[in-house]
Amino acid sequence: MTIRVLSPDVASQISAGEVIERPASVVKELVENALDAGARSISITIQDAGKRLIEVADDGSGIPAEELELSVTRHATSKLVEAHELFQITSLGFRGEALASIASVSRLSLTSRVEQGKTAARLKVDGGKTGKVESTGAPRGTVVNVQDLFYNVPARLKFLKSDSTERRVIDSLVTRYALAYPNVRIKFSVDSTVTLQTTGDGDRRSILSALYGAESATQMLDVLAEETSMKLYGFISPLSLTRSNRRDIAFFVNGRWIQDIPLSTALVQAYHTLLMVGRYPLASLFLEIAPEQVDVNVHPAKAEIRFREPDKVFSFVQRAARRALLAYSPVPQVSQPNWGQTWSQTDPGWILAHPEDHPLDRAPQVPNSYPAASPSGVQVTGSNLAQSEFAQIPLLRLIGQVGATYLVAEGPDGLYLIDQHAAHERILFEKIIDQHASSKVASQVLLAPVVLDLSGSQASLLQENLEVLGQLGFVIEEFGPASFQIRAVPVIFNSSNASAAIRAVVEDFEEDETPLKSEIELRLAGRVCKGMAVKAGQVLSIEEQKNLLSNLEACRSPRTCPHGRPTMIHLSVDLLEKQFGRRGPR
Amino acid sequence: MKVTVLQENLSRGVNIVSRAVSPRSTLPVLGNILMATDDGRLRLSATNLEMGITCWIAARIEGEGSTTVPARTLSDLVNTLPVDNVQLNLDARTQNLNVRCGTTNADIKCIDAQDFPPMPSIDLDGAVQLNVAEFKEMIQQVTFAASTDEARPVLMGVLLTVDKDNVTMAAADGFRLSVRKATLATHTQRPFNLIIPARALNELARVATEGEEPVYMAVPKGRNQVIFRYKDVEVTSQLIDGSFPDYQQIIPRSFKSRTLVSTAALVKACKQAEIFAREGMNVARLDIRQAKGEMQPSEVEISAVSEETGKNETIVEATVDGTGLLIAFNVKFLREALEVIRTPNVVLETSAPNAPGVVKPVGDDSFLHVIMPMHV
């Protein structure tokens, strides 16, 4: 085989593959271009899940006719001139690859008129072969029309997922950008049906319902926190609203949608011990940070970024989310549809509250036609907030025990049902955690030292933290360049594998957490459960019940048991009145 | 199949083999007991594919045949039958087993015996003969130190080494090591070693009641299995693949302090310390003190502290050779080791607070236990 320089065609298709991997990537690049052009209104149209047509029309600044030809060549951009600007990027794009990449794998037509231009100009590019610039009539702004995507890369076409999957990816992408830019009017049409239309009036909550469904959207909690050079705002789900995966956690950094695992881990950490195992929150969070603090030029599609001070950012996100969560998060409300039979299927509010029953195209109008079906969720959080800033429960007056399992108590804002087992678990758990924190560390020497081989980065991380590990009860010696010898482990780990324990610690260091905190808590929680807490079905005397309540009041997070199940359910006065027909349903 | 057996024999056999039944298996036949006529006796077998147990019971055979019977149903039924002759009659076409005893008449739905995994049989030629009582003691002195952590399967087993007329068993988890030696009645030509799951050995110890007959052990070639035979019972186990750590390296060659105490007194002191230690980290401190004066005894103080419950100290009289020492152990480990020692006195050899301790029975060098200290 002889070595040859690739032909420009092949080379451009290869590099297009990095940026454009599926129709959604085209939509992303074009929408970002439109936003960078200062558009106030963007209209996105797709046909056949974007395989036949993707058209993005905006009313932005447009491209002058004489620059059209240049715009579809690689590394041509108006957004960046000097290399040092790379570190202060304020626009979404900057690599100058998007249009060229799209053009090389599709039939592209670019129509644009600038404010001062008398006529618009149109340029057609067919699989990377640039045609002639023609004059035509069009409103101000740019229309990019992408037809037959991947027609010249059949392999890529073959690897696309099903149409409905591709459509869903585009849909969630557009919705997320709509959420990030509430001041831009965004219209999204799929096969000539409008599925999303935002008003551009800056109201994010109304767009939220398009993303999560109306019922979930009304429950979402606001987050707003500011620090020097950083600002975080957006929405996170309350404890009662969870998913089984992290797919609904979205982060926007300086208006750019990114997929950053440490960031979402930081958020999930904020829910630590409050959610059940394997459940994840929903979130759309917007982080604004000084441009020089991030490096966006790490990934061709810019889905990943690097922070200059990642620890600072992660702990900021975690603290902000935790604060919002503890402040707002109420005791789970008894949801109205489950309470009594009055809320039948015929109630329009009830039907609307089910996202699967109403297609996305109606969602943006929902806030008008749908006067918040569960106002209690929001209102009660407000009233709770007034009483106590954090998750403390109000003073409760014991009424009695039900079914030898639940305690009934009255608070200032209604009735509380408390699960005696979960409540006792929480009390014991906090006590044990405190004890553990104050007790001396004991470590168990191993019969034969365990040798642990780590990757280079993990090894240096471990090396830096050997002292911290020593305080935890590990005795570790270096044993070659990236090898360590474990001589002793903390007693709490003595039933398990020493090297697995160290790996867990290194992962904690990587994710910037207090080392072993979660592992230790898990083990302690397991011990609490092993029969120390009162069981359901155990009759308690009045004194015991009172004592349980007052101990629960003193807990730091009394609302959930250590495994994340709720300790109590709240029936608000409001809800009781509605159920008894003292007040109208809404 | 048509056989008649005594209820007590059937009950005993079913109870023995039931230990190997795998109650939650995706293979329904593993929840059953194989019942087959075998050379004038009735053979019962059960297996969970890791371990299998077979038991032969006396029977009067009127018709040959075999089937597999649901273990729970069979054992619950048989255990409630009167002490009388039990007639077992299989309808081979419907796989229906009719059980008749006294006034009881039951029909059990069975699964065809062809579905049951084949069970290997022992070849007594070349089998190693072991003394029952001693072998049982070996198992008891060693298996408790095996690991229960599935992350290191090798340590869940017991290393059994046969060399000439010596047999050695060793087990270790990450923190302790138990080694027991014994002498064989017969000489073995070829030395070998096996890693046998601790669970299988414990089952064997349960089956092998004391008696004069030897336990036979055979390792069929190329099957990665070991088979034990005691009287009319055979226990088969898969062997654990892998190499057992070289435990000889771990056993300390020297010591600075040798403490001789009464086994019973030290066990009692450990049990008391454990009452307080179990709340926390199971730590007990041993303060080994030399005699202060000519006439005073040397002693060991065993103490434990709990944030929650309080603390205790127990002083045990001792004979200390060498320097005094303060050393901490996991008291559960120490107690478990002491409890399998049969001699009235025991010796604890130590060198430093961070060096392993060795527990040995006095006047018996067949057993030793290494236990790692704790740092506090």
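The values are calculated or read from the model by the stated rules, or taken from the named source; none is laboratory data. Keep in mind it's a predicted model, so treat the numbers as computed, not measured. Cβ coordinates were reconstructed from backbone atoms using ideal geometry, including for glycine residues, and neighbour counts include every protein chain displayed. These area figures cover heavy atoms from the full protein model, side chains too; ligands, DNA and RNA do not enter into them. Shrake-Rupley method; radii C 1.70, N 1.55, O 1.52, S 1.80 Å.
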Practice item. Calculate the mean, over all residues of peptide B:350-358, of how many other protein chain Cβ atoms lie within 10 angstrom of the residue's Cβ. Key: 1
Practice item. Beyond 32 Å between alpha-carbons counts as too far, so tell me which of A:124/A:187; A:546/B:268; B:164/B:268 fall in that bin. Key: A:546/B:268; B:164/B:268
Practice item. Report relative contact order for chain B in percent, whole number only (criteria: Cα-Cα under 8 Å, sequence separation at least 6). Key: 12 percent
Review point. Can you list, bin by bin at 10 Å, the percent of alpha carbon pairs in the range A:219-328, starting at 0?
Key: 15, 51, 28, 6
Review point. Rg to Rh ratio, the range A:407-458, alpha-carbon atoms and Kirkwood radius?
Key: 1.36
Check your understanding: Which order do A:406, A:271 take when ranked by solvent-accessible area (1.4 Å probe, heavy atoms of all protein chains), largest first?
Key -> A:406, A:271
Review point. Which Cα, out of A:145, A:119, A:99, lies furthest along the positive dipole direction of the range A:8-200 (beta carbon charges, K/R +1, D/E -1)?
Key: A:145
Exercise for review: Tell me the GluC sites (Glu not before Pro) within the range B:111-210 that lie in a loop according to DSSP and have at most 13 other beta-carbon atoms within 10 Å.
Suggested key: B:150, B:210
Study note, to complete from the structure: Cross-link reach from residue A:578 to lysines, straight Cα distance under 20 Å and at least 8 residues apart if same chain, gives none
Study note, to complete from the structure: So, relative contact order of the range A:8-200 in percent, Cα under 8 Å, 6 or more apart, is 27 percent
Check your understanding: Short version: what are the Cα gyration tensor semi-axes of the range B:150-233, square root of 5 times each eigenvalue, largest first, in whole Å?
Key -> 21, 16, 14
Practice item. Name the shape class, rounded, prolate or oblate, that the alpha-carbon gyration tensor gives for the range B:1-123, where a ≥ b ≥ c are the square roots of its eigenvalues, rounded holds for a/c under 1.5, and otherwise prolate holds if a/b is larger than b/c and oblate otherwise. Key: rounded
**Study point:** Charge dipole magnitude, Cβ of K and R +1, D and E -1 - the protein assembly as shown, Cα centre, debye nearest 20
**Key:** 1140 debye
**Study point:** ³J(HN,Hα), Karplus 6.51/-1.76/1.60, whole Hz, each residue of the range B:339-347, x for Gly, Pro
**Key:** 5, 9, 8, 8, 6, x, 10, 9, 10
Review point. For the pairing of chain A with chain B, what total accessible surface becomes buried, with a 1.4 angstrom probe, in square angstrom to the nearest 100?
Key: 1900 Å²
Check your understanding: Normalized C-alpha radius of gyration of the range B:10-74, against 2.2 N^0.38 Å?
Key -> 1.06
**Study point:** Cα convex hull of the range A:8-200 - mean projected area over all directions, nm²
**Key:** 10.8 nm²
Practice item. Would you list, by chain and number, the aspartates and glutamates whose Cα falls below 13 Å from the Cα of residue B:231, excluding same-chain residues fewer than 8 positions away? Key: B:210, B:212, B:213
Exercise for review: Pop the C-beta distance of residue A:550 and residue A:245 into the FRET formula with R0 = 35 Å and round what comes out to the nearest 0.05.
Suggested key: 0.35
Exercise for review: Compute the long axis of helix B:263-277 from its Cα atoms, compare it with the longest principal axis of the Cα atoms of chain B, and write down the angle in degrees, 0 to 90, nearest 10.
Suggested key: 90 degrees
Check your understanding: With the radius of gyration and the Kirkwood radius both derived from the Cα set of the protein assembly as shown, what is their ratio Rg to Rh?
Key -> 1.07
Revision key, fill the gap. Straight-line reach check, residue A:535, cutoff 16 Å on alpha carbons, 8 or more apart in-chain or any other chain, hits among aspartates and glutamates -> A:419, A:425, A:544
Review point. In units of 2.2 N^0.38 Å, what is the alpha-carbon radius of gyration of the range B:254-339?
Key: 1.08
**Study point:** Separation of the residue B:98 and residue B:292 label points, Cα + 7 Å toward Cβ, nm
**Key:** 8.5 nm
Review point. For the range B:178-317, with the dipole built from +1 on Lys and Arg beta-carbon atoms and -1 on Asp and Glu ones, taken about the Cα centre, which of B:290, B:265, B:193 lies farthest toward the positive end?
Key: B:193
Practice item. Work out the mean other chain Cβ neighbour count within 10 Å for the residues of B:369-375 and drop it here as an integer. Key: 5
Practice item. Report the FRET efficiency, 1/(1 + (r/R0)^6), for residue A:163 and residue B:62, where r is their Cβ-Cβ distance and R0 is 60 Å, rounded to 0.05. Key: 0.25
Review point. Taking a point 7 angstrom from the Cα of residue A:115 along the C-beta vector, which residues in the range A:39-76 have backbone N less than 20 Å away?
Key: A:39-42, A:58-68
Review point. Hey, rough spin-label estimate for residue B:238 and residue B:339, points 7 angstrom out along Cα→Cβ, what's it come to in nanometres?
Key: 3.0 nm
Study note, to complete from the structure: Taking only the alpha-carbon atoms of the range A:112-221, the convex hull volume per residue, in cubic angstrom, is 145 Å³
Practice item. Determine the alpha carbon to alpha carbon distance for each of A:132/A:158; B:332/B:360; B:181/B:256; A:51/A:132; B:109/B:221; A:431/B:271 and list only those over 28 Å. Key: A:132/A:158; B:109/B:221
Check your understanding: Magnitude of the Cβ-charge dipole of the range B:128-247, K/R +1 and D/E -1, about the Cα centre, nearest 20 debye?
Key -> 220 debye
Revision key, fill the gap. Output for the range B:195-348 (equivalent-ellipsoid semi-axes, sqrt of 5λ from the C-alpha gyration tensor, Å, descending) is 40, 18, 17
Practice item. Please report, in debye to the nearest 20, how large the charge dipole of the range B:20-141 is about its Cα centre when each Lys and Arg carries +1 at its beta carbon and each Asp and Glu carries -1 there. Key: 400 debye
Review point. What FRET efficiency would be calculated for the residue pair residue A:397, residue A:434, taking the C-beta separation as r and a Förster radius of 25 Å, to the nearest 0.05?
Key: 0.35
Review point. How much length is gained on full extension from residue B:114 to residue B:319, taking 0.36 nm per residue of separation minus their Cα-Cα distance?
Key: 67.3 nm
